[in-house]
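The values are calculated or read from the model by the stated rules, or taken from the named source; none is laboratory data. Computed from a predicted model, the values in this text were never measured in an experiment. Cβ placement follows ideal geometry from the backbone for every residue including glycine, while neighbour counts extend to all protein chains displayed. Heavy atoms of the whole protein, side chains included, go into the accessibility calculation; ligands, DNA and RNA do not. Shrake-Rupley method; radii C 1.70, N 1.55, O 1.52, S 1.80 Å.
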Amino acid sequence: TDYRVYDGGNTVMHVAASNFDVDLFRDLAEAYRAPHEVSIVDMLTLPDSDGETPLMVAAFYGNFNVFKHMVQLGADPTQINIHGMHCGFYVCRTVSEAAFKQNLQGGDIRNVIDGKNELLQHLIKTYDSSYWRQVELETGNTPLLHALVSADVQFHQLQTLLSVSDPFYENKRGRNFF
């Protein structure tokens, strides 16, 4: 069954993941699920045409409340997409890109920044270093490299977790290499 309803293969769950209203997410999930007789887990794990699940979209936008709710409903933060990326990659991707997209939707940019930091803290507490050392298939980058480009705070949090003192990372600070 194909649950895609928007261009790019986005479902209502992908759209809800970029919205910071958890009640709206719950309402959309229930309203869409019932007539289609589809499990909520199926809805939360269906990738769009870029291979991104709704949970990955929530991580990208730093939508921590919706992220937590999706996980409670059965979404898996360790699920790998077609690019070899999990939610850790998305929370570490650039704040500016997510903030720009959120601003276009009339959202508050501060929600993106605060949400990404809160979500990163949650994921650091939940997953060990192997989660953060996962390598993206196309570029060979890790979440740490994404964090290095996107925000010093995220980089330092992950650097501490992984005990990274590798000059490889320090040499890339401030450079866009994606």
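Numbers at a glance
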read-out	value
Boolean, Ala147 is at negative phi and at pLDDT below 85	yes
Filter result for Ala16 (at pLDDT below 75, open to solvent by less than 10 Å² (accessible area, probe 1.4 Å) and part of a helix (DSSP H, G or I))	no
Test result for Ile124, among the aliphatic types (A, V, I, L, M), part of a helix (DSSP H, G or I) and modelled with pLDDT of 70 or more	yes
Hits in the range 127-140 - residues which are within 15 Å of the chain's Cα centre (by Cα) and part of a helix (DSSP H, G or I)	Tyr131, Trp132
Residue among Ala75, Ala99 that alone is out of contact with any Asp or Glu (no Cβ under 8 Å at 6 or more places or on another chain) and modelled with pLDDT under 85	Ala99
Criterion violated by Asp108 - all others in (1) at pLDDT 80 or above; (2) of a type outside the set (Ser, Thr, Tyr); (3) open to solvent by 60 Å² or more (accessible area, probe 1.4 Å) satisfied	(1)
